Amino acid sequence: MVTRRQLIRTTAAAAGAALEPRGLAAEYHQYDGLGLAQLIAKKQITPLELLHAVRARAEAVNAKLNALSQQFFDKAEAQLRQGLPAGPFRGVPLVLKDIGHQLAGTPTTNACRLYKDAVYDFDSTLVARYKQAGLVMFGKSTTPEMGVAPSTESAMFGPTRNPWNLERTAGGSSGGGSALVAARVVPMAHASDGGGSIRIPASCCGVFGLKPTRGRVPFGPTALEGWNGMSIHHAVTISVRDSAALLDAAAGPELGSPYWAPPPHRPFLKEVGADPGKLRIALVLDLPTAPFDPECRKAATDAAKLCESLGHRVEEARLPVDLAALNQNRVIPVRVSLARVLEDRAAALGRRLEESDVEPVTWAFYQMGVRFTSLDYSRALAACQLAGLGMAKFHQTYDVILGPTLGKPPVRLGLLSLSRQDVQGFLSESAAFNNWAWLFNVTGQPSVSAPLHWTPEGLPVGVMFSARFGDEATLFRLAAQLEKARPWSQRRPK
């Protein structure tokens, strides 16, 4: 006679076997997002089978990486039951970064205790566009508190680990999404970049990360820009074509947009595989502020040789801006914006902001923000705009700027934690690590990190390519050319 306990065990085992990925579902990680959408369109795999496969892999991988702050596969299954639009990514799972955008019925925590219960009853504009593209959202990826560190470590969720070396940072602030893409849980993940936060983790995790032109992607409706236009949302991906197709799905102004990027001449996906022509490329290997690690220099010089072999003209050049002075100015609107949103959130909770609400470095940044004067703020914005003019003139000579994405390969966890009591130590380590990616947030230019180099120890090192304002097309053409010449999709962490 079968007991009730035995029946329950048998039923549970059968349910588990039903969810066990088989066939193409078990091999889904070999495809990019558009490839998965094609399998679904041909009925070779169903969206539900794919979602179950992603769930199995996410549960196995996240135990090691700590890259998901939230999982809600029940909501994803409900989205499937409601039916999916016939978009370019119909049925493809996506993870959202746990900052900046809203998915109805889920909190957007910003990895900050102040926001742990910040549940919204609407979708942000970008999330609505993702749904219209057919994407299925099942979770949110980790980020440092308020997105203000180049490493994804938070008191709220703990450190996110690099798939290539679990003792190293996955980068920040889009480190959770980048780790999940590197580990092939998903082929692409939502990300944002206010000072390098797409390109930093893309470099650390060996994936492709494009920061679009300022105003290209909608921010609303709760805010219509971030950090005075320095922050922009997009994604990290395995393939160049996924990045282009996702930007096609997301780009364009929304109601109330204070400004928007120049419209592209044609869909970005059509630029992938198009001839970039003979580009004039400026190679940047020396900065007056912080030097590049030898491995980072080697990554850039090797990429320069690859570009020359593809017919482009590369020459060493110096940037036309004072990076040290500009960095002092660009942090002012960032700190002021941070102070404003923290105080506003505390006021919404009916109280004053307290030091215990945030991590030590975040609190120090808040204090800086409230001390800056209106004149400091105005002068900083003026300096940032003049830097944009200087770079625009520079691009009259050069189509693309090439250099290492970061000053160092992925550093050890803890050095860039916002829980450090030594704030000056955090600032020094951060400046040496993220020594110039932030420049293109100031100027609003599109900029990408491509996974073209690995150290002898097996750590990824990205190479950064940046183009003139509004010219993602050139970056997609060049990146696709580099991807074909030196494929990276088969390089995976053990």
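The values are calculated or read from the model by the stated rules, or taken from the named source; none is laboratory data. This structure is a prediction, so every number in the text was calculated from the model and none was measured. Methodologically, a virtual Cβ is constructed for each residue, glycine included, from the backbone with ideal geometry; neighbour enumeration extends over all protein chains shown.
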| task | Considering each of S489, S449, S419, S428 in turn, give the residue that is within 18 Å of the chain's Cα centre (by Cα) and under 25 Å from S231 (Cβ atoms). | result | S449
| message | Looking only at residues that are surrounded by fewer than 20 Cβ atoms within 10 Å (Cβ to Cβ) and of a type in the set (A, V, I, L, M) in region 365-381, which one is nearest to A339 (Cα to Cα)? | response | V370
| task | Just need a number here: residues in region 382-394 that are out of contact with any Ser or Thr (no Cβ under 7 Å at 6 or more places or on another chain) and surrounded by fewer than 21 Cβ atoms within 10 Å (Cβ to Cβ). | result | 9
| request: For L114, indicate whether it is in contact with a helix residue (DSSP H, G or I) (Cβ under 8 Å, 6 or more places away or on another chain), surrounded by fewer than 24 Cβ atoms within 10 Å (Cβ to Cβ) and assigned to a helix (DSSP H, G or I). | output: yes
| field | Filtered residues of region 439-477 (kept if closer than 18 Å to P201 by Cα, of a type in the set (F, W, Y) and surrounded by fewer than 24 Cβ atoms within 10 Å (Cβ to Cβ)) | value | W454
| message | Tell me the residue from D275, D322 that is closer than 21 Å to W436 by Cβ, out of contact with any Leu (no Cβ under 8 Å at 6 or more places or on another chain), at pLDDT 95 or above and of a type outside the set (S, T, Y), please. | response | D322
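This table checks each residue for (1) under 27 Å from T143 (Cβ atoms); (2) among the aliphatic types (A, V, I, L, M); (3) within 18 Å of the chain's Cα centre (by Cα).
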| site | (1), (2), (3) |
| --- | --- |
| Q367 | yes, no, no |
| S378 | no, no, no |
| A383 | no, yes, no |
| D399 | no, no, no |
| L402 | no, yes, no |
| L439 | yes, yes, yes |
| F465 | yes, no, yes |
| G470 | no, no, no |
| Q481 | no, no, no |
| field | Residue, farthest from the chain's Cα centre (by Cα), within region 142-198, restricted to residues that are basic (K, R) and over 21 Å from D242 (Cα atoms) | value | R168
| task | Please list, ordered by first then second residue, the pairs with beta carbon atoms under 7 Å, 6 or more apart or interchain, first in region 317-342 and farther than 13 Å from N441 by Cβ, second assigned to a helix (DSSP H, G or I) and of a type in the set (K, R). | result | P320/K393
| What residue, of D117, D32, is charged (D, E, K, R) and touching a residue at least 60 places away in the same chain (Cβ under 8 Å)? | D32
| Does region 86-100 include one or more residues that are in contact with a His (Cβ under 7 Å, 6 or more places away or on another chain), in a loop (DSSP other than H, G, I, E, B) and closer than 25 Å to D357 by Cα? | yes
| Enumeration of residues in region 248-272 that are aliphatic (A, V, I, L, M) and not in a helix (DSSP H, G or I) | A251, L255, A261, V272
| In region 122-142, which residue that is touching a Gly at 6+ places or on another chain (Cβ under 7 Å) and either free of Cβ contacts under 8 Å to residues at least 24 places away in the same chain or part of a strand (DSSP E or B) (or both) is farthest from A53 (Cα to Cα)? | S141
| task | From the list E429, E457, pick out the single residue that is in contact with a Leu (Cβ under 9 Å, 6 or more places away or on another chain) and modelled with pLDDT of 95 or more. | result | E429
| Can you find even one residue in region 168-179 that is at pLDDT 95 or above and surrounded by fewer than 24 Cβ atoms within 10 Å (Cβ to Cβ)? | yes
| message | Here is a check on your reading of the model: is D117 at pLDDT 95 or above and either within 20 Å of G147 (Cα to Cα) or basic (K, R) (or both)? | response | yes
| request: Just give me the residues in region 62-87 being crowded, with 18+ Cβ neighbours inside 10 Å and either within 21 Å of the chain's Cα centre (by Cα) or modelled with pLDDT under 95 (or both), in sequence order. | output: N62, L65, N66, A67, L68, S69, Q70
